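Below is one structure, written out as structure tokens; the observations come after it.
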Amino acid sequence: TGAIRMEHRLSSTQVLGAVRFWAKMEQDFDRFYGGFGGDEDHMSEFRCQNQPVQQAGLRLKVVLCLRGYRDFPGLYDLLQRQITLNAADTALVSTLSLTGVSRDEGLRFAQRFLEALSWQP
């Protein structure tokens, strides 16, 4: 049985300067792996791709990670994180976690999740 989890977090600052704010955002963004269970006997390592994306007027950093189930070939966990890069003092971090999905279906769902993102300040 698979699971779907979506989370959106808006962060902003009026105290920190842009450099400190973005250093903290980058640190938080890079160390999150969604609390997935499983161990190396049952799961492969996450393999991640990182790319800049333009979507609906937004500049984004998108990280997409997949790992396979060793006992169930063809099933994967997927983690996609995206962060807006448009403002010096505000960022929206969106996270999609899918467990127990096929690679193709997971990637299609992740693409729809990315395409649905919009910003209305």
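Farthest towards the positive end of the charge dipole of the chain, among the residues LEU60, ALA18, GLN111, is the Cα of ALA18, using unit charges on the Cβ of Lys, Arg, Asp and Glu.
Once both labels are positioned 7 Å from their Cα atoms along Cα-to-Cβ, the gap between PHE109 and VAL19 label points is 4.2 nm.
For region 15-27, 3J(HN,Hα) computed residue by residue from phi via the Karplus equation (6.51, -1.76, 1.60; θ = phi - 60°) reads 9, 6, x, 4, 5, 5, 4, 6, 5, 5, 4, 5, 4 Hz, glycine and proline entered as x.
Note on the chain: GNM, Cα springs under 10 Å; of GLY38, GLY74, GLY106, the largest mean-square fluctuation is that of GLY38. 3J(HN,Hα) along region 40-51, derived from phi through the Karplus expression 6.51 cos²θ - 1.76 cosθ + 1.60 where θ = phi - 60°, amounts to 5, 6, 10, 10, 7, 6, 5, 10, 10, 10, 10, 8 Hz, with x in place of Gly and Pro. Pick from VAL53, VAL19, VAL101: which residue has the top mean-square fluctuation in a GNM of the chain where Cα pairs under 10 Å get a spring? Highest fluctuation among the options: VAL19.
With a cut-off of 10 Å between beta carbons, the residues surrounding LEU79 carry a summed charge of +2, where Lys and Arg count +1 and Asp and Glu -1.
What spacing in nm lies between the two simple spin-label points modelled at SER118 and ILE4, each 7 Å away from Cα in the Cβ direction? Computed distance between label sites SER118 and ILE4 equals 1.9 nm.
About the Cα centre of region 1-85, how large is the charge dipole given +1 on each Lys and Arg Cβ and -1 on each Asp and Glu Cβ? Please answer in debye to the nearest 20.
About 500 debye.
Below 12 angstrom from the Cβ of MET6, what's the summed charge of the other residues (Lys, Arg +1; Asp, Glu -1)? Don't skip to the end; give the middle numbers.
Values: positive: ARG5, ARG9, ARG81, ARG112; negative: GLU7.
That sum, taken over residues with Cβ under 12 Å, equals +3.
Roughly how large, in nm² to one decimal, is the mean projection of the convex hull of the alpha-carbon atoms in region 1-104? Write down the numbers at each step before the final one.
Details: hull surface 29.2 nm².
Reported value for the Cα convex hull: 7.3 nm².
In terms of surrounding Cβ atoms within a 10 Å radius of their Cβ, TRP119, TRP22 rank from fewest to most as TRP119, TRP22. Taking amide H positions as modeled 1.01 Å from N, with prolines and chain starts lacking one, the residues under 5 Å from ARG59 and 5 or more places away or on another chain are LEU85, ASN86.
Over region 1-75, what is the relative contact order in percent, taking alpha-carbon pairs closer than 8 angstrom and at least six residues apart?
Working: 48 pairs, mean separation 16.4, N = 75.
Relative contact order comes out at 22 percent.
Taking 7 Å steps out from each Cα toward its Cβ at TYR69 and ASN86 produces label points 3.8 nm apart.
No value in this document is a laboratory result; all are computed from the given coordinates. A quick note: this is a predicted structure, and the numbers were derived from the prediction, not measured. Every residue, glycine as well, gets a Cβ built from its backbone with ideal geometry; the counts of neighbours run over all protein chains shown.
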